[in-house]
1. Taking the Cα centroid of region A:139-173 and of region B:120-167, what is the distance between the two, rounded to the nearest whole Å?
2. So what is the calculated 222 nm ellipticity per residue for the protein assembly as shown, using -39500 (n - 2.57) for each DSSP H run with n of 4 or more, over all residues, to the nearest 500 deg cm²/dmol?
3. Could you check the spin-label model distance between A:Gln64 and B:Ile64? Points 7 Å from the Cα along Cα→Cβ, value in nm.
4. In degrees, nearest 10, range 0 to 90: what is the angle between the Cα axis of helix A:168-180 and the longest Cα principal axis of chain A?
5. Any idea of the total accessible area buried by the B-A contact, 1.4 Å probe, rounded to 100 Å²?
6. Helix A:213-223 sits at what angle to the longest principal axis of chain A, using alpha carbons and giving 0 to 90 degrees rounded to 10?
7. So, for region B:22-129, what is the accessible surface per residue at a probe of 1.4 Å, expressed in square angstrom?
8. If the reach is capped at under 16 angstrom between alpha carbons, list the aspartates and glutamates near A:Lys194, excluding any in the same chain fewer than eight residues apart.
Amino acid sequence: MASSQPIKSPMGSQSQNQRSSQQGLKYPSNGKTIYHRPLNRSRTQELSQASFAYLFGEMVSYAQKRVTGIQDLEKRLNNQGHPIGLKLLDLLLYREPARSQTRPLHIIALLQFITTTLWRHLFSRPADALEKSSNPDTPEEYMISDNEPLVNQYISVPKEMNQLNCAAYVAGIVEGCCDGAGFPAKVTAHSVGKGEEGELWPGKTVFLVKFQDEVVEREAFLGR
Amino acid sequence: MEQLCDNSLGWSVVSQNKMVVYALIIINKAGGLVYQRDFAEGLNKLSINDYLVLAGTFHGIHAISTRLNPLLPNDTPSTTSRPLPPSGIEVLETENFRLQCFQTLTGTKFLLFTEPQQPNIENIMGMIYGLYADYVMKNPFYSLEMPVRCEGWERRLVREVRAVNSR
């Protein structure tokens, strides 16, 4: 081992030099970057669920490092999703037909955009339900349910962390979308499956969308 | 019509007319037991310690059996393709049950205990391996080589094997 090291180390440093000389932005040889691609080419673009599952698994493990608790972990997943929501709002509105290319102006319109267009884009199916809180004390709360979130498909949360729902990442996307549309909100993901045997949807998740007070106030003002 | 027979190993088996998958054992690449589950009546329950010994012993015998593998006469080492590693023990049969062993490329072993005449064991094994690859290996909360405790895997495995057993 010792004799091979002096031979190896100059080679190692050489390759490192080469690498550092190539650092910076990389351009493909034909000069076409991702920015040259048309934004509308979307219909048939699907990704492998397995590769997404591995990537998302690593994202969860990454978020799990140096966290103090489950809420902290969910916050991190939420933060990872937030910028995606912001950007998807722009992209998906741009892809809408020209007539409906406007930003949603009402809570319902926004949530419908999220549960249909955004959900279809991300998971190729609409969300399973959209409900308004029936409690008169919390008019700012809405619920989006997904019977089987795609991000949770292969994830089994251990018993000692049973409050965790990794769909917090999707909640972050929804939150980013709401924020970007000018409806600041807090979105959290909650598992509602009871863990009973033979349950139809053991992974059912409810995304609780809690708009800020001024949004509800504005909505009431606009509603007249 | 059920009959109870004991053999010298201490396994007692209730033989039924239906073909059934009795149990599944998963052994990690170090020979440790990471998963054990019974699906149907038919095998005696062992203590958890005995299962650990069974897993470790089988792992050892399997490793030695790979070295018994005879070389083929025209087996010259080729530089372009690597030959498949010797498979070791694949099937172990007793009068009352059959033990099918499937080793993955990474050295994890799946042992399936079935009735001796169970058809399509390869397919069942492939299905179990698929479930393992999906619901155990893609789970960020599973640490490699550790005991498998994944609720999603458990749920689907039981459902699929139950479907096989009731066929």
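1. If you average the Cα positions of each part, the centres end up 22 Å apart.
2. Calculated from helices alone, the mean residue ellipticity at 222 nm is -12000 deg cm²/dmol.
3. Simple spin-label model gives 3.8 nm for this pair.
4. Computed tilt is about 70 degrees.
5. 1200
6. That works out to roughly 50 degrees.
7. 60
8. Partners within reach: A:Asp146, A:Glu148, A:Glu160, B:Glu151.
The values are calculated or read from the model by the stated rules, or taken from the named source; none is laboratory data. Here the structure is a predicted model, which is why all the values come from computation and not from measurement. As a convention, Cβ positions derive from the backbone with ideal geometry for all residues, glycine included, and neighbour counts pool all protein chains shown. Ligands, DNA and RNA are stripped out before the accessible areas are found, and what is left, the full protein with its side chains, is counted by its heavy atoms. Shrake-Rupley method; radii C 1.70, N 1.55, O 1.52, S 1.80 Å.
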